[in-house]
Structures are given as C-alpha cells and as structure tokens.
1. Going through the stretch 109-124 one residue at a time, which ones are outside any helix (DSSP H, G or I) and over 19 Å from residue 92 (Cα atoms)?
2. Of all residues in the stretch 37-80, which are over 22 Å from residue 118 (Cα atoms), outside any helix (DSSP H, G or I) and within 20 Å of the chain's Cα centre (by Cα)?
3. Which of the residues spanning the stretch 81-95 are part of a helix (DSSP H, G or I) and either out of contact with any helix residue (DSSP H, G or I) (no Cβ under 9 Å at 6 or more places or on another chain) or assigned by TED's automatic domain parsing to the domain that holds residue 32 (or both)?
4. With respect to the numbered conditions (1) touching a helix residue (DSSP H, G or I) at 6+ places or on another chain (Cβ under 6 Å); (2) assigned to a helix (DSSP H, G or I); (3) within 30 Å of residue 134 (Cα to Cα); (4) at pLDDT below 95, which one is the sole condition not fulfilled by residue 98?
5. I need every pair where a residue in the stretch 60-72 that is surrounded by 14 or more Cβ atoms within 10 Å (Cβ to Cβ) has its Cβ under 8 Å from the Cβ of a residue that is part of a loop (DSSP other than H, G, I, E, B), sequence separation at least 6 or different chains.
6. Have a look at 114, 129 and point out the one that is in contact with a helix residue (DSSP H, G or I) (Cβ under 7 Å, 6 or more places away or on another chain) and surrounded by fewer than 14 Cβ atoms within 10 Å (Cβ to Cβ).
C-alpha cells in the first residue's frame, strides 16, 4: 500500500510507526541503463540489469519496456552496435576485434545484427567513411607547441619600455 505524504511521495508503511522511503521506480530503471552504458562490453545479462534496478527479472523487463519502449536486451544490443559503428568509423581495428571489444562473441551474429540496424555490413559501413587515418588525433599539448608563433616574431620590451626583437638561436 502506498501513502502520499508531503516530502515522501513514494513511502510505504513498514511495521507500526515508521515508513520506508523509496525512489521513483523510473530512477531504478535509469540505474540499469547507466550500468549498460558503462559496462556494455562486459557479458551483461538481463538478470544483472534487474539486480541493478533492484527488481525481479520479470518485473524489470516489463517496467523497462514500458518506460523506454524497448526491451532491456534490445537496449544493450543497441548500445553495443552503436559503439561498434563508432569504432568502425574511427579505427582500423578488424571487424572481429571490434565485435569482441563491444561484448559480442559471434562475428556472424554481429554482422547480421549490424546489417539489420545500419542497412550495411560492418565492412561496407566502414568503407562508406573516410579512412580512420584521416582522423588522427593530435594531443592538445602538441597543437599548442606547433601553433605558437616562432621565436623570431616575438617582441620584448626592456625595462625602459624600448622594444627589442629577439633573434632566434641557431
């Protein structure tokens, strides 16, 4: 039985005189989504997600599907495929390596699921983007060093306000 009190919207009576306050049920489901978003590459199961939401597997599956419009397994699969697509666009790793690194164990099933979701096989999807080498990441510290003006263009002032040009050393 639920009681609606000011400040404790989801309280349930426990025993004679005290109440146990709980969070909104959707908050529990968001914990499961967060678990999937962080640990998608691990061998997660619906039982693991239900445990994170502190619900039974059956109740969790019904509540998750009602709240988010897709089953927990479909959500996990979508996260894995999205991450795989990002890796296909930005790395030169093999399709099999990407498949394993996003938590899937069968390259054949991965290829079928990927093609169903993205309309192309992983190899064709990768080929539709520029090579990953064109996206080489340069660390910010390197960019700062090489984008600064050269030493010959720097002008310093002396203590008396006179400008002096510093000559680069050879």
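1. In the first step, residues of the stretch 109-124 are kept if they are outside any helix (DSSP H, G or I); the result is 119-121.
Within the stretch 109-124, 119 is the sole residue that qualifies.
2. Matches in the stretch 37-80: 42, 43, 44, 45.
3. Filtering the stretch 81-95 for residues part of a helix (DSSP H, G or I) gives 81-90, 95.
Within the stretch 81-95, just 86 meets the criteria.
4. So residue 98 meets the others, but not (4).
5. 61/71; 63/55; 64/71; 65/71
6. 129
The values are calculated or read from the model by the stated rules, or taken from the named source; none is laboratory data. These numbers were taken from a predicted model, which means no experiment stands behind them. Counting neighbours? That spans all protein chains shown, and the Cβs are built from the backbone with ideal geometry, glycine included.
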